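Note sheet for the following structure.
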Amino acid sequence: MTRPTPFHSRTSALNEGQRWEDWEGFLAATMYSLDPLVEYNAVRLGCGIFDVSPLHKYEVRGPDAQALLQRMVVRNLAPSRPGRGFYTVWCDDNGKVVDDGGVFHIAENHLRLTSTLPSLEWLIDNSSGFDVTIEDVSEELVGIAIQGPTSRDLLRKLTNVDLSALKFWHCTDADVCDRPTLISRSGYTGDLGFEIFVRPEDAEKIWDSAMALAPDYQMRPCGLVALDMTRIEAGLLQIDTEFISAKQTLFEVQTISPLELGVGWMCKLDGDYFVGRDALREEKANGTSRWKTVGVELDVTYIEKYFSEFAMPLHLPERSWNEAVPIYADEAQEHLIGRGTSGMWSPLLKKYIVIARIPPQYEKLGSRFFIEEVIEAKTFSIPATVVKMPFFDPPRKKA
Amino acid sequence: MAETYDAIVVGGGHNGLTCAAYLAKAGQKVLVLERRHVLGGAAVTEEIYPGFKYSVCSYVVSLLRPEVARELDLGRHGLQIHPQEFVYLPMENGDHLLTHGDPHKTRQEFRRFSKKDADRAGQFEDLMYRMAFAVKPILGYKPPNMAAPSLRDLSTLKEFGGHLSGLGKETFHQLTKIMTMSADDFVGQFFETPIIRAMHSLSGVIGTMLGPKSPGTAYVLLHHYMGDLDGAFSAWGAQKGGTGMVSEAIASAARENGVEIRVNAPVSQIIIENGTAVGVALENGDEFYAKTIATGCDPHVSFRKLVDEKELPGDFVRAIDNFKFRGSSGKVNIALDGLPAFTGMESPRFLSGAIDICPSTDYVEQAYDDAKYGGFSKRPAMEICIPSINDPSMAPPGKHMMSIFVQYCSYDMDQYGDRDQQREAFGNAVIDTVQEFCPNIKDLILHKQVLTPWDMEQMIGLTEGNIFQGELTLDQLFFSRPTAGYADYKTPIRNYWQCGSGTHPGGGIMAMPGRLAAKEILGGKLVI
């Protein structure tokens, strides 16, 4: 049975349509309001509060804690010190992405890994020879994310630490409502925002205290639809959408390397060994990447034109989508070259944006191709252009 | 040596800025001259009281054309509209009507009043949608000259005729009705509940010195549905930081394309040589010259103030003098110490959209009766917005900014004494009426700004304080806006063009007059 999170007594009371989905076995709100757009807007205008408890969390302690994670993930953790955090992916020996998550350097010899999929076994398998203890604290810690322009001002009212000193992807132990937590300045929305790890017994207290401030800081509880829309604008990847874990598919064709996934920048190929490094070195040296992952923008005037063929006004999707959509080199749809993995009409940017997987020769900014769009059960080709990703990257995210 | 430009736009309102941006995109060297210290005209945000942003006049965005947002990339330049989720209508008996973004919830709410009305709500919305779709192409046309149509005019008319004939009988007949009926009669075909009727017909009289029972008001209803057509594209809602930020977004796009914008630069007259506009003179004596002069001001200012009467044909002058302004709306902006409590309100969230004070059509018609012969409504109809509920940039934490759009307040209010006394009497009537529906309002007021139509004229230059730069009645629309023969953005003076809301397709933060004018100035083709 899908389980409630420790916030459920609060979140279920707010969930107007009782719309939930399964997130790693937990009930996660799809949306709280009947129209997810108001939640999306709250994140960009005020802030949104998300229950992110279903994330898996692992404490890695011991003299080799940093070294173990360095061996496991593609990011260079050498500069890591207590108080730093990193977003990273990790690979298998073939250099194919297994999962993504956060590494939080909590204290000397103490790091925390968060992941989307269960990762205990992966950690243990990699840890032979390292002087570490690994503990799965997925259920001993729950989480909320507060994301949006007013998130810092709101959180200031609840904590004893100086949040203006907390930089992007840094973390700190903090009392929130006099309860011990870890606050990290990170998130999945591409906005100013924080993730707070709390003990389950403190969940309701912290949720209530934050919600009591909601009217003053224009905060709303937000569900997965708003989260998906904001993460697409931020150009952030989603498992099972932009990639399938190499652990979860039997078919090589479905795996993808970080170089292909658009996160090659985080792989330190000339540095110390990490799982998958050699395969990635080879991929890079031989130019054998099959794909590149890029941001593209659709030409909406064509969608409008094709709607008018049915005497219909332009209709744009009201939510994001996460199904693979064919991309063609030509309007006649004879040369299939790739796929759109997720996309949305961005109400903020007033643009139709898509995260796309295409062959390397189409990677350059300004490259053009066609994305399939089905209107009234008829297939059309919509011109699309490669643009800069993240699509939305406000200065406040890092300010 | 005076500076020369390809084009000068008089007035930095949202249409003037739009026109300038498109001209600059086509490579022209453009100068915008704004009289005030701040851009936006009636779409302006000012911090009148410290920490509080007032959307001084225009307060909601619903009609902004998607093509303008797209072509000028306004999303990147700061356009950010929070959609309106609720309309809350408190009633005199302490009950209220609440409409939701979700149609099922609205239907459920209507059922409390009338099961018939609940069932017809969907039918009404569908019809309005179909009709808006039917007339929408008009928004993109340069109005044809009906007396002497050009080839392009004829093809426009043919295209539109073809479009209309494809509508189907029901839609076409309803379209002829909506063009001629009163808002109340039109809405009355569907609804029996007074407050539901009033809610719909209120939008038919906004900005117009007519009552909901006056014939011709139904059309304005339709005007308001145009924005709905674009669905996801242009939400009906509040711009982040106030409506002035829409103007700022357009200005930012204009500047990026090379437009020079000067504020505190009041134009005193258009310099005309041999029937051709060649430049403008500022009040301080500075002169600027250009091949094209476009005016974003209303027709009265554009032709009766900025231009010497001798430069214009007599019949044109008469037509402009007969163009109806008749400001009918006032505005009260309030800084509040906390969130007001409206009667019957279940959650403060329900106040985040619009709060309409219009318990019945009779209430609104009575308000009209009060102001018909001058003066203002003793108990006015109002649309109240509290944008700070969603937007933290409008007021300090815990405080709120309230915008009250008031219908009716006429330009002539001599019976109340001098202008200061008039303003005070009007402001008091508004607050007293709000208090009937929101008992704690007076305890929360930190600061209040009251604007009568006369104040809007003084401040923004809107003649007689008409928010649309001329009433949106059928006789003043399309090929008659502002007057027959000059609806094509041209004027009797060569190289002097119109680009304000006094031209087709009219007022509201639509930005279409500015775009269409630029297109005509550029010979019928925009550079996008």
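The values are calculated or read from the model by the stated rules, or taken from the named source; none is laboratory data. In this text, all values refer to a predicted model and were calculated from it rather than measured experimentally. Methodologically, a virtual Cβ is constructed for each residue, glycine included, from the backbone with ideal geometry; neighbour enumeration extends over all protein chains shown. SASA here: full protein model, heavy atoms, side chains in, ligands and nucleic acids out. Shrake-Rupley method; radii C 1.70, N 1.55, O 1.52, S 1.80 Å.
Give the residues of segment B:409-430 that are open to solvent by 10 Å² or more (accessible area, probe 1.4 Å) and of a type in the set (A, V, I, L, M, F, W, C), sorted by residue number.
B:Ala425, B:Ala429, listed by residue number.
Tally the residues that are part of a helix (DSSP H, G or I) and either among the charged types (D, E, K, R) or farther than 30 Å from B:Gly375 by Cα (or both), restricting the search to segment B:311-355.
9
Every residue in segment A:121-152 that is under 24 Å from the mean Cα position of the chain (by Cα) and at positive phi, please.
Across segment A:121-152, the qualifying residue is only A:Gly148.
Looking at this structure, is B:Glu170 in contact with a Lys or Arg (Cβ under 8 Å, 6 or more places away or on another chain) and either farther than 30 Å from B:Thr452 by Cα or of a type in the set (Lys, Arg) (or both)?
no
Among the residues of segment A:103-147, which ones are in a loop (DSSP other than H, G, I, E, B), in contact (Cβ under 8 Å) with a residue 12 or more places away in the chain and farther than 26 Å from A:Leu224 by Cβ?
A:Glu108, A:Asn109, A:Ser127, A:Phe130, A:Asp131, A:Val132, listed by residue number.
From the list A:Asp64, A:Asp35, which residue is of a type in the set (Asp, Glu) and over 28 Å from A:Thr5 (Cα atoms)?
Matching residue, one of A:Asp64, A:Asp35: A:Asp64.
Restricting to strands (runs of 3 or more DSSP E) lying wholly in segment B:27-110: which have 1 or more residues that are within 11 Å of chain A (Cβ to nearest Cβ)?
The strands (runs of 3 or more DSSP E) meeting that bar are B:81-83.
Can you say whether A:Gly102 is on the phi > 0 side of the Ramachandran plot and either open to solvent by 10 Å² or more (accessible area, probe 1.4 Å) or modelled with pLDDT of 95 or more (or both), as far as the supplied structure shows?
The answer is no for A:Gly102.
Are any residues in segment A:57-83 of a type outside the set (A, V, I, L, M) and either within 14 Å of chain B (Cβ to nearest Cβ) or in contact with a Leu (Cβ under 7 Å, 6 or more places away or on another chain) (or both), and if so, which ones?
Those that are of a type outside the set (A, V, I, L, M) and either within 14 Å of chain B (Cβ to nearest Cβ) or in contact with a Leu (Cβ under 7 Å, 6 or more places away or on another chain) (or both): A:Lys57, A:Tyr58, A:Gln66, A:Gln70.
If you check every pair at least six apart or on different chains, which have Cβ atoms under 7 Å apart with a residue in segment A:176-188 that is in the same structural domain as A:Asn160 (by TED's automatic domain parsing) first and a residue that is among the polar types (S, T, N, Q) and outside any loop (DSSP other than H, G, I, E, B) second?
Pairs that qualify, where the first residue is in the same structural domain as A:Asn160 (by TED's automatic domain parsing) and the partner is among the polar types (S, T, N, Q) and outside any loop (DSSP other than H, G, I, E, B), are A:Val176/A:Thr159; A:Cys177/A:Ser209; A:Ile183/A:Thr159; A:Ile183/A:Thr172; A:Gly187/A:Gln147.
Please state which of the following conditions A:Trp90 fails to meet, knowing it meets all the rest: (1) closer than 22 Å to A:Lys398 by Cα; (2) crowded, with 18+ Cβ neighbours inside 10 Å; (3) away from chain B (no Cβ under 14 Å).
A:Trp90 satisfies every listed condition except (1).
So which residues in segment A:50-87 are of a type in the set (S, T, N, Q) and open to solvent by 20 Å² or more (accessible area, probe 1.4 Å), if there are any at all?
Scanning segment A:50-87 gives A:Gln66, A:Gln70, A:Asn76.
Which residue, of B:Ala290, B:Ala341, B:Ala294, is more than 26 Å from the chain's Cα centre (by Cα), of a type in the set (A, V, I, L, M, F, W, C) and open to solvent by less than 30 Å² (accessible area, probe 1.4 Å)?
Answer to the selection: B:Ala290.
I need the full set of residues from segment A:325-369 which are modelled with pLDDT of 95 or more, closer than 20 Å to A:Met389 by Cβ and outside any strand (DSSP E or B), in order please.
A:Pro359, A:Pro360, A:Gln361, A:Tyr362, A:Glu363, A:Lys364, A:Leu365, A:Gly366, A:Ser367
Out of segment B:369-397, which residues are out of contact with any Lys or Arg (no Cβ under 8 Å at 6 or more places or on another chain), part of a helix (DSSP H, G or I) and more than 14 Å from chain A (Cβ to nearest Cβ)?
B:Asp369, B:Ala371, B:Lys372, listed by residue number.
Please specify each residue of segment B:112-136 satisfying the condition of being within 14 Å of another protein chain (Cβ to nearest Cβ) and open to solvent by less than 40 Å² (accessible area, probe 1.4 Å).
Hits for segment B:112-136 are B:Met128, B:Met131, B:Ala132, B:Ala134, B:Val135, B:Lys136.
State whether the residues of segment B:459-478 include one that is closer than 17 Å to B:Met382 by Cα and either open to solvent by 10 Å² or more (accessible area, probe 1.4 Å) or without any contact (Cβ under 8 Å) to a residue 60 or more places away in the chain (or both).
Yes, the conditions are met somewhere in segment B:459-478.
Run B:His400 past the list (1) more than 30 Å from A:Leu155 (Cβ to Cβ); (2) over 20 Å from the mean Cα position of the chain (by Cα) and report the number of the one that doesn't hold.
Here B:His400 meets the rest and fails (1).
Inspect all residues belonging to segment A:342-352 and state whether any of them is in contact (Cβ under 8 Å) with a residue 40 or more places away in the chain and within 19 Å of A:Ala246 (Cα to Cα).
The answer is no, given that none of the residues of segment A:342-352 is in contact (Cβ under 8 Å) with a residue 40 or more places away in the chain and within 19 Å of A:Ala246 (Cα to Cα).
Under the condition of being among the aliphatic types (A, V, I, L, M) and under 16 Å from A:Arg75 (Cβ atoms), which residue from segment A:267-280 is farthest from the other protein chains (Cβ to nearest Cβ)?
Here the residue is A:Val275.
Out of all the residues in segment B:161-183, which are in a helix (DSSP H, G or I) and open to solvent by less than 30 Å² (accessible area, probe 1.4 Å)?
B:Thr171, B:Gln174, B:Leu175, B:Ile178, B:Ala183
For the subset of segment A:325-342 comprising residues that are among the β-branched types (Val, Ile, Thr) and either within 14 Å of chain B (Cβ to nearest Cβ) or more than 14 Å from A:Thr379 (Cα to Cα) (or both), which member is surrounded by the most Cβ atoms within 10 Å (Cβ to Cβ)?
Restricting to residues being among the β-branched types (Val, Ile, Thr) and either within 14 Å of chain B (Cβ to nearest Cβ) or more than 14 Å from A:Thr379 (Cα to Cα) (or both), the top hit is A:Thr341.
Limited to segment A:281-324, what total is found for residues that are part of a helix (DSSP H, G or I), open to solvent by less than 60 Å² (accessible area, probe 1.4 Å), more than 20 Å from A:Gln361 (Cβ to Cβ) and away from chain B (no Cβ under 14 Å)?
Residues in segment A:281-324 being part of a helix (DSSP H, G or I), open to solvent by less than 60 Å² (accessible area, probe 1.4 Å), more than 20 Å from A:Gln361 (Cβ to Cβ) and away from chain B (no Cβ under 14 Å): 1 in total.
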